[in-house]
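Right, one structure below, let's go through it.
The values are calculated or read from the model by the stated rules, or taken from the named source; none is laboratory data. All of these numbers come straight from a predicted model, not from anything done at the bench. Cβ sites come from the backbone with ideal geometry, for glycine too, and all protein chains shown count toward neighbours. The area values use the complete protein model at the heavy-atom level, side chains included, leaving out ligands, DNA and RNA. Shrake-Rupley method; radii C 1.70, N 1.55, O 1.52, S 1.80 Å.
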Number of protein chains: 2
Amino acid sequence: MQEFIRKFVIEELDHDFGEIPLSALDDAAIVDGIAFTTDSYTVKPLFFPGGDIGVLSVAGTVNDICVMGAKPLALSCAMIIEEGFSEEDLQRIVKSISLTAKSADVRIVTGDTKVVENGAADGLFINTSGIGRRSDHLDHNIQMVRRSREFKPNWPNDSSVGPGDTIIASGSIGNHGIALLSFREGYGFDTVVHSDAKPLNSLIEDALKIGGITAMKDPTRGGVANLLNEWAEKSHVGIKISEEALPIDDEVLTACEMLGIDPLEIGNEGKVLMAVVPSMADEVLSTIRSRPEGRNAAIIGEVSKEFSGVMMETHTGGKRVVEPPVGDPVPRIC
Amino acid sequence: MQEFIRKFVIEELDHDFGEIPLSALDDAAIVDGIAFTTDSYTVKPLFFPGGDIGVLSVAGTVNDICVMGAKPLALSCAMIIEEGFSEEDLQRIVKSISLTAKSADVRIVTGDTKVVENGAADGLFINTSGIGRRSDHLDHNIQMVRRSREFKPNWPNDSSVGPGDTIIASGSIGNHGIALLSFREGYGFDTVVHSDAKPLNSLIEDALKIGGITAMKDPTRGGVANLLNEWAEKSHVGIKISEEALPIDDEVLTACEMLGIDPLEIGNEGKVLMAVVPSMADEVLSTIRSRPEGRNAAIIGEVSKEFSGVMMETHTGGKRVVEPPVGDPVPRIC
């Protein structure tokens with residue numbers, strides 16, 4: 001499907017409009033100073049340990065705006081509801097949307113509801129789109145990058161990662177996908193893994209205030225493996241990460257081993273990866289770690305011009321190429 | 001469902017943010033000078049006489065932006081695709097999206113694709129959200145209103161219809177809903193009715209250049225009956241229309257009579273109703289009529305402070321109260 005989108009949809013549409021256009025396939029477009037993004041949420045089941053589709057649909061779209069260096073201004077919320085869907089469940093989900101929006105200081109300003117007959121949808125699908133304005137701290141952030149080296153982009157994006165950058169992960173990876181998968185399939189692991197779904201705008205604003213960030217992205221579908229490969233490809237760099245340094249919770253690691261899933265390929269919904277100029281990396285890291293949602297943040301790698309693609313130094317000291325996932329290893333987790 | 005949304009969703013959310021906030025339940029919100037709207041399209045079937053879900057999903061969202069007096073800037077496009085959906089059909093639909101967007105001079109700048117398993121969705125659902133900027137001609141339009149009377153709103157909206165305003169319909173009503181219904185149910189009428197789905201931004205820009213428009217709205221779900229009742233309720237006025245003056249194509253009228261459906265309650269996707277100060281109404285009307293998509297435009301009624309609700313003078317000279325439709329008379333037409 002991604003192949004189809006790249007080849008057909010993007011080509012067919014007028015794809016070079018805006019500062020960050022459709023053809024960039026980034027987390028949000030930037031048009032006339034406005035960050036604009038959309039996501040449809042088809043997660044199954046609708047309620048899961050640590051969250052529900054309401055939390056997800058606000059957090060996911062807020063995060064796609066703020067990784068561009070924008071401050072979320074408003075969201076839309078459109079629901080496709082299967083006839084007979086429980087009104088009580090809908091109320092719970094709307095409450096989640098409301099609470100998550102409040103926690104992110106963003107408002108739902110427009111919406112739509114379509115009811116389709118029984119069997120025409122799987123309970124509930126939610127689309128949220130979002131708009132945002134340039135963060136007050138983005139100019140400062142870019143100035144701090146420019147103290148270290150030449151940096152042209154006006155917005156951090158997938159193509160603006162540079163050789164020498166330090167890669168920071170804002171916390172443990174794999175929790176959302178494993179939470180969904182183990183709950184859905186009823187694997188009954190000893191410890192219940194909770195989703196990390198959460199808006200990251202405050203954490204990101206704090207990091208921008210420090211500055212030196214050249215790119216940010218949340219490792220959702222396809223996980224860290226997909227994210228790093230997108231950066232490597234679009235920024236024409238190589239990225240080396242260290243398996244040792246990757247923050248992964250024990251129960252997630254255990255689950256991944258039992259299920260034969262690579263934690264790098266699992267989607268997250270409350271984590272962000274940042275590329276930062278090395279001189280600022282420690283300060284950005286400690287700022288992130290001072291927040292509860294960033295307490296497990298770690299430096300996981302660095303960017304090089306010596307090779308292309310993504311490479312991992314393994315626990316045993318070996319080297320492994322990290323490929324982008326083929327297909328969707330865990331379907332319907334967002 | 002509308003009852004539920006009014007009572008629960010709006011109350012639960014922080015609903016008074018923006019110039020035209022969520023609580024206004026208008027066609028688009030206005031936030032920080034940006035018009036912002038969303039719609040999910042669940043039309044069945046996906047292809048129908050006169051259009052397809054691609055045309056609809058661009059036209060519907062473009063129209064919701066421009067009825068606020070805004071110029072569409074960019075759209076998002078998010079697809080939920082059922083596994084096994086025909087790639088050929090998807091290509092046709094993407095081509096429709098592309099052509100319709102070009103005809104409306106608007107770009108798709110961001111998107112999302114989710115594939116769900118067979119049986120979890122009905123082929124294809126599309127969400128488009130849209131953003132727009134204040135039209136260059138809106139200030140002039142409002143100035144022309146103010147020549148006739150006091151007018152405070154900064155944007156035309158559902159609450160800004162005033163006593164004495166003339167109501168203009170931009171063309172024949174009922175075509176989209178009857179096209180969908182008769183094609184879907186295979187009624188086999190002698191004449192095939194075609195959907196009117198079409199972006200109206202050029203027509204609306206032309207009308208704003210003339211000026212004097214106090215409100216605009218496209219009669220989609222619930223048709224003209226719903227639209228006029230929303231205006232009457234939100235603007236605290238009465239609206240009187242003339243059955244004689246209503247532009248309705250013969251084949252639509254015949255179909256409505258055979259099916260026992262009120263043409264006032266049928267959704268349209270390429271029509272707009274305008275409330276205009278009387279001194280400007282003729283000039284606005286002739287401007288609309290000079291465009292192909294507005295050639296059947298007509299003055300259909302006027303606004304009064306003498307009563308509340310919506311009233312129609314019938315062919316026979318009687319009077320009939322026009323109620324808002326109960327439920328959705330024709331499901332899944334958009």
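Quick notes on this one:
- Output for the range B:143-156, where each listed residue is assigned to a helix (DSSP H, G or I) and without any contact (Cβ under 8 Å) to a residue 24 or more places away in the chain: B:ARG146
Residue by residue, here is whether (1) at the interface with another protein chain (Cβ under 10 Å from one of its Cβ atoms); (2) farther than 20 Å from A:LYS198 by Cβ; (3) without any contact (Cβ under 8 Å) to a residue 24 or more places away in the chain holds:
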position	(1), (2), (3)
A:GLY18	yes, yes, yes
A:TYR41	yes, no, no
A:PHE48	no, no, no
A:LEU56	no, no, no
A:MET68	no, no, no
A:PRO72	no, no, no
A:LEU75	yes, no, no
A:ILE81	yes, yes, no
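- Criterion (surrounded by fewer than 20 Cβ atoms within 10 Å (Cβ to Cβ) and over 15 Å from B:LEU181 (Cα atoms)) met by exactly one of B:GLY301, B:GLY294, B:GLY270, B:GLY317: B:GLY317
- Close contacts from the range A:311-334, counting a first residue that is within 14 Å of chain B (Cβ to nearest Cβ) and assigned to a loop (DSSP other than H, G, I, E, B) and a second that is open to solvent by less than 50 Å² (accessible area, probe 1.4 Å) and basic (Lys, Arg), with Cβ to Cβ under 9 Å and a gap of 6+ residues or different chains, come to A:ARG332/B:LYS114; A:CYS334/B:LYS114.
- One residue stands out in the range B:223-257 among those that are open to solvent by 10 Å² or more (accessible area, probe 1.4 Å) and of a type in the set (Gly, Ala, Ser): the one that is nearest to B:ARG295 (Cα to Cα), namely B:ALA245.
- Scanning the range B:156-172 for residues that are in contact with an Asp or Glu (Cβ under 9 Å, 6 or more places away or on another chain) and crowded, with 24+ Cβ neighbours inside 10 Å yields B:ASN157, B:ASP165, B:ILE167, B:SER170, B:GLY171.
- Test for A:ILE108: is it out of contact with any helix residue (DSSP H, G or I) (no Cβ under 7 Å at 6 or more places or on another chain), in a strand (DSSP E or B), aliphatic (A, V, I, L, M) and buried (at least 24 other Cβ atoms within 10 Å of the Cβ): no
- Restricting the range A:115-131 to residues that are within 7 Å of chain B (Cβ to nearest Cβ) and open to solvent by 10 Å² or more (accessible area, probe 1.4 Å), the residue that is nearest to B:HIS15 (Cα to Cα): A:VAL115
- If the condition is being polar (S, T, N, Q) and over 20 Å from A:SER23 (Cα atoms), then the range B:112-135 contributes B:ASN118, B:SER135.
- For the range A:12-30, filtering for residues that are touching a Pro at 6+ places or on another chain (Cβ under 8 Å) and open to solvent by less than 20 Å² (accessible area, probe 1.4 Å) leaves 1.
- So B:SER76, is it surrounded by fewer than 18 Cβ atoms within 10 Å (Cβ to Cβ) and polar (S, T, N, Q): no
- Of the set (1) out of contact with any helix residue (DSSP H, G or I) (no Cβ under 9 Å at 6 or more places or on another chain); (2) open to solvent by less than 40 Å² (accessible area, probe 1.4 Å); (3) touching a residue at least 60 places away in the same chain (Cβ under 8 Å); (4) more than 9 Å from chain A (Cβ to nearest Cβ), all apply to B:ARG134 but (2).
- Count of the range B:85-105 residues, restricted to those that are open to solvent by 50 Å² or more (accessible area, probe 1.4 Å) and assigned to a helix (DSSP H, G or I), is 8.
- Count - residues of the range A:1-37 that are farther than 21 Å from A:THR128 by Cβ and touching a His at 6+ places or on another chain (Cβ under 8 Å): 2
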